[in-house]
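Inspection log for the structure reproduced underneath, given as structure tokens.
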């Protein structure tokens, strides 16, 4: 697939999950793939309590080099949630999403059902779900949903290309796990359920 720049405006992404789910790594892979696509990018995490299972937030910004600063993303256009239940106990997960935002969650629910459950105060343009934990268990033998979520993110947002995401995985992980990880990524890409709610900006 060909590489292309995504445009001049900043693309702000916020990722949520729990310690041990690979939230920070997922954000780093998104940033690396965007870099391979020829874009300027930066990723940075924010940790709460330093323990496994504690909430973790990470941010990715893609855009012009002179406009990207290292800071929290307060009003993201794109939200990626790696934990199926975190939105029930952490209001920040669904807070301050821009109008026309894109929301992707690790969930066995269909997008319509999840949307009703979220009770958002903003109007999304796209909501998507993928059973990333199930795919991780099937292909990687571990309940770490980040690679499947990377695939879903690439498919839904088009902010990173399929080929660049695959390349980022290969660069990050040893060759002996490539087959399993790449299959998990492809499964996330192919098996994400997408509901378009309105035309994007």
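One line per residue, one yes/no per condition, for (1) at pLDDT below 95; (2) out of contact with any helix residue (DSSP H, G or I) (no Cβ under 8 Å at 6 or more places or on another chain):
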{"residue": "109", "(1), (2)": "no, no"}
{"residue": "115", "(1), (2)": "no, yes"}
{"residue": "139", "(1), (2)": "no, no"}
{"residue": "172", "(1), (2)": "no, no"}
{"residue": "180", "(1), (2)": "no, no"}
{"residue": "199", "(1), (2)": "yes, yes"}
>> I'd like to check something: does the stretch 144-166 contain any residue that is farther than 16 Å from residue 110 by Cβ and more than 17 Å from the chain's Cα centre (by Cα)?
In response: no
> Going through the stretch 169-197 one residue at a time, which ones are buried (at least 24 other Cβ atoms within 10 Å of the Cβ) and either closer than 12 Å to residue 29 by Cα or without any contact (Cβ under 8 Å) to a residue 12 or more places away in the chain (or both)?
Replying inline: 185
>> Residue under question is residue 123, and the condition is that it be surrounded by fewer than 22 Cβ atoms within 10 Å (Cβ to Cβ) and either touching a strand residue (DSSP E or B) at 6+ places or on another chain (Cβ under 7 Å) or in contact (Cβ under 8 Å) with a residue 24 or more places away in the chain (or both); does it hold?
In response: yes
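Output the number of residues of the stretch 90-148 satisfying the condition of being in a helix (DSSP H, G or I) and within 26 Å of residue 170 (Cα to Cα). First the steps, then the outcome.
Start the filter on the stretch 90-148 by keeping residues that are in a helix (DSSP H, G or I), which leaves 91-93, 111-118, 132-140, 146-148.
From the residues that got through so far, the ones that are within 26 Å of residue 170 (Cα to Cα) too are 132-140, 146-148.
Total satisfying the criteria: 12.
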> Does residue 143 meet the test of being under 17 Å from residue 82 (Cβ atoms) and either surrounded by fewer than 22 Cβ atoms within 10 Å (Cβ to Cβ) or without any contact (Cβ under 8 Å) to a residue 40 or more places away in the chain (or both)?
Replying inline: yes
> So, in the stretch 20-58, of the ones that are out of contact with any helix residue (DSSP H, G or I) (no Cβ under 7 Å at 6 or more places or on another chain) and assigned to a strand (DSSP E or B), which residue ends up modelled with the lowest pLDDT?
Replying inline: 47
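The values are calculated or read from the model by the stated rules, or taken from the named source; none is laboratory data. Quick caveat: nothing in here was measured; it's all calculated off a predicted structure. Counting neighbours? That spans all protein chains shown, and the Cβs are built from the backbone with ideal geometry, glycine included.
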